Amino acid sequence: MALLKLENVWKRYGEVEAVKNVNLECEQGEFLSLLGPSGCGKTSTLRMIAGLEKITSGNIYIKGQLVNDLQPGKRNIAMAFENYALYPTLVVYENIAFPLRAKKLSEKEIKKRVLWVAELLEIEDILYSKPKGLSGGQQQRISLARALVKDADIHLMDEPISHLDADMRRRMRRELKRLHQTTGMTVVYVTHDQLEAMSMADRIAVMNNGVIHQIGTPTEIFNHPKDEFVAGFIGSPPINFLESRLRVEKGRYAIEVEKFLYFIPDRLGKKVEKASDLLGGRVRLGVRPGDIALSLKKVDNALSGKVILVEPVGESVVYHIRLGEKEIIAEVSVEEDINVSEGEGIRIIFNPDRLYFFHPETGKSLHT
Amino acid sequence: MGKSDVVEKGRTSAYTEGGGVKVWIKEKLEDFGFAISKTQRRFALALLLPAVVVLALVGVFPAIYCGWLSLTNINLARAAAGFKYIGFENWENLLRSPYFWNSFKITLIFMIVAVSVEFVLGLGIALVLAGRLRSKFLRTIMLIPMIMAPVVVGLCFYYLYDGFFGIIPWMLRKIGILGGNIAPLGEANIALWAVVAVDIWQWTPFMVLILLAGLESLPVAPYEAAQVDNASKWQVFTKITLPLLRPVILIAILLRVIDAFKVFDKIYVLTAGGPSSATDVLSMWTYRKSFLRFNISLGATVSLIMLYVVLIICVFLSTVLTLERKRG
Amino acid sequence: MKKITTILIYAFITIVLFVFVFHYIWMVLTSFKTRLDIFTVPPKFIFKPYLQNYIDVFTRGRFLRNFLNSAIVVACATFISVAVGTPAAYSLARFELMGKKHISMWILSIRMMPPIVAVIPFFLIASKLRILDTHGLLMLVYMTFNLPFVIWILRSFFEDVPIELEQAAILDGYSRWSIFTKVALPLVKPGLVSVTILCIIFSWNEFLFANVLTKEVAQTLPPAISVLVTTRTVQWGRVGALATLVVLPIVIFTYFIQRHMVRGLTLGAVKG
Amino acid sequence: MAKVVLKNVYKSYGEVKAIRGVNLSCEEGQLLALLGPSGAGKTTTLKLIAGLEKCDGGEIFLNDRNVNEVSPFERNVAMTFENYALYPHFTVFENLAFPLRSPRRRHIYSEKDVRKKVEEIATLLGIHQLLDRRPTQLSGGQRQRVSLGRMLVTNPDVFLMDEPIAHLDAKLRYFLTGEIKKLQKRLGVTTIYTTHDYMEALAIGDRVAVINTGKVLQVGSPDEIFNRPNTEFIGKLIGDPPMNVLECEIVKKEKNYFLKIGELIHPLSARMAEKLLQEVKDGKSRVGIRPTDMQVSREKIPGYPEMEVYVSEPLGDKEILTLKKGNVSIQAKIKAGLESKVGEHLWVKFDFKRLHFFDRETGNRIHLDVEYLVL
């Protein structure tokens, strides 16, 4: 049995359903990330695992034991809070040592652990200050330290690095991942930042409106999104969606996009055809900006558009392109850049292996 | 922030280097708030001026006038005799007077006992009520004691304390604490406590409400962390609640201390300082000296002493208030 | 288990609240009692209501006169304090004036000044100027506590208005004065309402100044009531009726601003 | 439309020197992005241009006219604020009409004109259906638009935008930068735009000025800022992950030159090495390598260094590797698909045409003219 298991878990606040029938398992040593926009129920889910929030219905098991009514202090968990939750009167050292003292560890052991985690999170120089005067980023690292220092069955983290500046966030991301991989601790990590989830997690559960849309490895989530929400939430710049119609033209599969005809591989066409038959061929096409190639020369099987905006963002260039009535975004790496300027006409080629088709009404993927 | 130094702080700036005295003066003036433009300053002063004039008239002038009075021997009872400057004679007499010190002692006892009981009771009740007193109606009821005119409060208790038909002595007799037909306000050894009880009765809700507001605005997060860390209830109270609540506690206590120090209306109605000066607080004593015995100069001297005491507490209060306002 | 706790807590709340307002309730009850019921021992809780006390209040004595005096003094004193204090509060909140800290401290100390300090000089001066026992004198004296209060509280409300709102208006060519009236003032409306009501309450309840500085013409309700107890035979029924009537308007006002009451009572420091 | 010039401008608040000798110019119709970390002095710069703050020293010119003593209104600039600064007690319509109804403009615009103008702007920004709402009933993106609308409504000569999209979610920001840039292009109004996000600055700015601790460090086109950062600070400010900057030394073994970074030894072209040695006599400097400017391979690249994977972070179509050798740690950003494991050894080859060198003491760029190879 998995280390942590959520079974048909619901959470209601009066009329509001914050978490709807969540089923989730987390194995020993796994780094599981709950990813979703704010208000999607990910924090409620985490807080129910911690026991800080009562479950409206359903069951939560830790190590096979039903913990629905167990006090948070008895669940052997550690938690890092988004809003730090530091003890105001205790110096940083004591804040970090607090959970260890509750466990009655020896003074020597406590010191060893606190110093270890302080070094890891780069807070050695503030160990004897009170939290009040410290910056938000420092306070958040203390909160993270307090969660990491404890030998817990599960480490719960609620946006633990969201208040750090970009550089420190990157460093912490790296250190957390490394720590997880070298110690084998079990982490449930809540974030709204897809980069954090993608870069650290073994598996990601994408949530929205209290429902889990997809659970999978970062690669699965990125390459095989189960629905429009997941496809739209992951990836930066965001994926382009285009209304289109699947047709069979001269024995080949093609899609009609903004009055252009674009041929797609048979393999893909076959898959989508079945599902789209009911819709009279109507499908919603999703294509990531990175999967669009641009060309100034005439090419077979390309759409034509007009560049309306060029944004050089360093290692790549982002083009806003008018395609019929729609506007799409393409991202080209600097090496492959073709130096088009605003107002010029251009040919657009999609990477045929990385096209996504969704049900225009339900948003479900038509081929995964 | 980390290691990137955000704004460089330092005495010397690029333009002081070689700028000389002029620039130095300019910097000094900025420190005093002359940095804002002329029109702005004029506008700001125009808005402030009427209030400052009124306050000078009603707030500063009396204090200075009292200072003058305290150095004279005005007595309205012998107004015809006129008055003269007598230096610090009033002060000397006062500091030697056992009646003054008795009155001072009574005021301090009143203040300390009333405020500490109010605080302890208030904190206890607030802890029980925290998060549970949402109703607008109930909160209004809680406010009634402190918004009632003190005279009316005094009146109510005068009636409740009546030796013959008052409900409080009646109940105390029932329980057996009080014997015979004793009127609490008429006994020298009980009267002060009876008056203190009225103050407690009236102002405990104030403590409750303020501490309640403080408790309800505390962050939830440290409590949750303590839950996860399996901390005991006592630890939570001493390590989280009390320290976080400290500024609010300080403000509530200081406000009450100042108020209790000035107490007058209730005493006037309940005992008028009696029996045999058992409840003769400073305000009461001053009032009697000035308006019943007409020794205005002596009254002015005592009131000045009271003003100094309040000013000292006020400096402290102002610091706490300013800090707390900035944080909130 | 949980249900029992809830019941216990609500019982506790009820008892606490009952104890806190018991004296007032008892007074209200008394106001409906006949003389006989009043002097019954043990005290009666259930009796036949009797309205003569209220009729007496209105027909005998000088209740209406005192009530009118109170109303005039309270209304004018409050209006002037708010009118003078609001611009001052704005000025202190917005501009980096010289010695701003000292001005604030000074204002607070006036607010905290024991009334006995002010009453002696005012009494002497007023008797010299022959303005004792006038409405105007009382209004002026009430500035000592009302005006600093208005300034101190409204300053904290003005400080909550983001400065960018005013800077945007500056760019649009609005004058300082119209920014004050059109942008800042509407945004502190709740603050204005609560300081106004709190000023009304403070002035309505004030006793010492009114007692010393007025006698007949301008006497307000609190000293008039206090006279009732100092006389030999107290007519408790009438006193009760009077007390009920004096407190009632204040309770009604309080109901409407109870949300801001804590902020007012703590001089803006604790936001309830 | 106007040209904005700042000449040696100073501003301090009490002890804090916010702006320390800023020189900047923004041509007519241009969009200048001010990029810098929080507290760098960006907002103060905008407020000085708007006239909301007075400068302590230096001059500000709008269209070659010194405006130091000119009132904010007469400068005819419009500004959006980071917190949008919408009037909560007004509806969207009243918010947009507020600038037109000011005492200084009332005589120009009749109530009818105001309505027409507000509706025109609201339609332009796609918020005409929100005109009767209050700001509290709007989403962040909608508030942003209203705040833009209030800036557009008076036809100012200069737009000043203070972190206009900093508080919106990532996806919305993508679209809004595009929209703001398109709008600015269409109206052709001189614009100064502040941000702490390098991507936003590069994407939106015709030119980018990097500012830190009250000083302008570099002004240039987005390409210049990215490819030829003037200082180490700028190099590290830009890029995700930022540029690796490490202590290095040029060493010569037999006839070949090598770049020695701690225990990492990497070949270097003779021409570049000799150039560098001309500039820095002892051969010691700091080298900057962008994570994208290197090749990482599981197969051995003969002559090139081998490094250990410290951690690897997949990002969908990309992958960030943190590689270590001894005390040296560098980050590489490569196409997804390598799927490396912690502790694995990989070969690294820098694209040495795209190396940056900085002075060890000052952090200033060491200009080598071999850089013509760079874009």
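The values are calculated or read from the model by the stated rules, or taken from the named source; none is laboratory data. Quick caveat: nothing in here was measured; it's all calculated off a predicted structure. Every residue, glycine as well, gets a Cβ built from its backbone with ideal geometry; the counts of neighbours run over all protein chains shown. Surface accessibility is based on the protein's heavy atoms, side chains included, excluding ligands, DNA and RNA. Shrake-Rupley method; radii C 1.70, N 1.55, O 1.52, S 1.80 Å.
Before moving on, here are some points about what is shown:
- Compared with the dominant principal axis of the Cα atoms in chain D, helix D:140-152 is inclined by about 60°.
- When the other protein chains are added to the chain by itself, burial of at least 50 square angstrom of heavy-atom accessible area (probe 1.4 Å, ligands and nucleic acids ignored) affects these residues of region B:128-148: B:ARG132, B:LYS136, B:THR140, B:LEU143, B:ILE144, B:ILE147, B:MET148.
- Of the residues A:ILE308, A:VAL332, A:MET200, the one whose Cα sits farthest towards the positive end of the charge dipole of chain A is A:MET200 (charges of +1 on Lys and Arg Cβ, -1 on Asp and Glu Cβ, taken about the Cα centre).
- As a calculated quantity, the FRET efficiency between B:TYR308 and D:SER269 at R0 = 56 Å, using C-beta atoms, amounts to about 0.10.
- Quotient of the Cα radius of gyration of region C:143-213 and 2.2 N^0.38 Å, N being its number of residues: 1.45.
- Rolling a 1.4 Å probe over the protein heavy atoms leaves B:LEU242 with an accessible area of roughly 60 Å².
- In order through region A:177-193: 3J(HN,Hα) via Karplus (6.51 cos²θ - 1.76 cosθ + 1.60), integer Hz, x for Gly, Pro: 5, 4, 4, 4, 6, 8, 9, x, 6, 9, 10, 10, 10, 9, 7, 9, 9
- Amide H contacts under 5 Å for D:GLN218, placed H, 5+ residues apart: D:VAL210
- Per the accessible-area calculation with a 1.4 Å probe, the total area buried between chain D and chain C rounds to 1700 Å².
- If both residues of a DSSP beta bridge must be in the protein assembly as shown, then about 80% of such bridges are antiparallel.
- Exposure rule at most 12 other beta-carbon atoms within 10 Å, DSSP loop chymotrypsin sites (Phe, Trp or Tyr not before Pro): chain B longest free segment: B:165-328
- Span from the region A:11-64 Cα centroid across to the region A:162-210 one, whole angstrom: 17 Å
- Region D:206-238 versus region C:201-272: alpha-carbon centroid distance in Å: 68 Å
- Solvent exposure of chain C amounts to 41 Å² per residue of accessible area, where only protein heavy atoms count and the probe is 1.4 Å.
- Between chain A and chain D, the total buried accessible area stands at approximately 3000 Å², from heavy atoms with a 1.4 Å probe.
- Sparse-neighbour loop sites [GluC sites (Glu not before Pro); region D:1-105; at most 11 other C-beta within 10 Å; DSSP]: D:GLU69
- Cβ-based charge dipole, region D:244-358, positive-most Cα from D:VAL311, D:LEU277, D:SER340: D:LEU277
- For chain D, adding -39500 (n - 2.57) for each run of n ≥ 4 DSSP H residues and dividing by the number of residues yields -7000 deg cm²/dmol at 222 nm.
- What you get for the protein assembly as shown, charging only the Cβ of Lys and Arg (+1) and of Asp and Glu (-1), is a dipole of about 3680 debye around the Cα centre.
- Hydrodynamic analysis of region D:86-155 uses the Kirkwood radius over alpha carbon pairs. Inserted into Stokes-Einstein at 20 °C and 1.002 mPa s, it gives a translational diffusion coefficient of 182 µm²/s.
- Shielding by other protein chains, C:157-169, mean Cβ within 10 Å: 5
- Efficiency of FRET between D:ASN327 and B:VAL220 - r from beta-carbon atoms, R0 45 angstrom, step 0.05: 0.55
- Relative packing of A:337-349, A:115-127, which averages over residues the other C-beta atoms within 10 Å, highest first: A:115-127, A:337-349
- Within the accessible surface of the protein assembly as shown, defined with a 1.4 Å probe on protein heavy atoms only, the carbon and sulfur portion equals 57 percent.
- Simple spin-label estimate for D:SER297 and A:LYS54 in nanometres, 7 Å along Cα-Cβ: 6.4 nm
- Residue-averaged 222 nm ellipticity for chain B, from DSSP H runs of 4+ at -39500 (n - 2.57), nearest 500: -21500 deg cm²/dmol
- For region C:1-75, alpha-carbon Rg over 2.2 N^0.38 Å: 1.67
- Accessible surface of B:ILE253, taken over heavy atoms with a 1.4 Å probe and every protein chain present, rounds to 50 Å².
- With a 10 Å cut-off around each Cβ of A:340-351, the average count of Cβ atoms from other chains is 0.
- Summed over qualifying helices (DSSP H, 4 residues or more, each -39500 (n - 2.57)) and divided by its residue number, chain A shows a 222 nm mean residue ellipticity of -7500 deg cm²/dmol.
- Chains B and C together bury roughly 8900 Å² of accessible area, counting both sides, with a 1.4 Å probe on protein heavy atoms only.
- A DSSP coil position with no more than 11 other Cβ atoms inside 10 Å describes the following trypsin sites (Lys or Arg not before Pro) in region D:185-269: D:LYS255.
- Farthest positive-ward along chain B dipole, Cα basis, beta-carbon charges - from B:GLY59, B:ASN102, B:VAL115: B:GLY59
- GNM result for chain A, Cα springs below 10 Å: residue of A:VAL332, A:VAL313, A:VAL188 fluctuating most strongly: A:VAL313
- Exposed trypsin sites (Lys or Arg not before Pro) absent: longest stretch of chain C, with sites in DSSP loops and at most 15 other Cβ within 10 Å deemed exposed: C:131-214
- Annotation: amide H-H contacts under 5 Å for A:HIS367 (H modelled 1.01 Å from N, sequence separation of 5 or more, or interchain): A:PHE357.
- Relative contact order of region B:97-327, defined on C-alpha pairs under 8 angstrom at six or more residues apart (%): 28 percent
- Taken about its Cα centre, chain D carries a charge dipole of roughly 500 debye when the Cβ of each Lys and Arg holds +1 and the Cβ of each Asp and Glu holds -1.
- Under the convention that each Lys and Arg Cβ holds +1 and each Asp and Glu Cβ holds -1, the size of the dipole of region B:109-241 around its Cα centre is about 320 debye.
- Spatial separation of Cα centroids for region C:59-132 and region A:312-330, in angstrom: 67 Å
- Rolling a 1.4 Å probe over the protein heavy atoms gives region D:244-358 an accessible area of 46 Å² per residue.
- Shown for region B:261-297: residues covered by the partner protein chains by 50 Å² or more of accessible area relative to the chain by itself (probe radius 1.4 Å), namely B:LYS262, B:TYR268, B:PHE291.
- Contour excess over end-to-end distance, with Cα ends at B:ALA130 and B:LYS174 and 0.36 nm allotted per residue: 12.4 nm
- Cα-derived Rg over Rh, computed across chain D with Rh taken as Kirkwood radius: 1.07
- Neighbour-limited loop hits for trypsin sites (Lys or Arg not before Pro), region A:1-105 (at most 10 other Cβ within 10 Å; DSSP other than H, G, I, E, B): A:LYS54, A:LYS104
- Per residue of peptide C:80-93, the mean number of Cβ atoms on other chains within 10 Å of the residue Cβ is 4.
- Note on D:HIS345 and C:ALA71: their simple-model spin labels are 9.9 nm apart, each label 7 Å out from Cα toward Cβ.
- If R0 is 22 Å, the Cβ-Cβ spacing of C:PHE256 and D:ARG133 corresponds to a FRET efficiency of close to 0.20.
- Of C:VAL16, C:VAL193, C:VAL217, the residue with the greatest mean-square motion in the GNM of chain C, using alpha carbon springs below 10 Å, is C:VAL16.
- Per-q log10 I(q)/I(0), chain B, q = 0.07, 0.13 Å⁻¹ (Debye; single scatterer per alpha-carbon; no solvent): -0.48, -1.15
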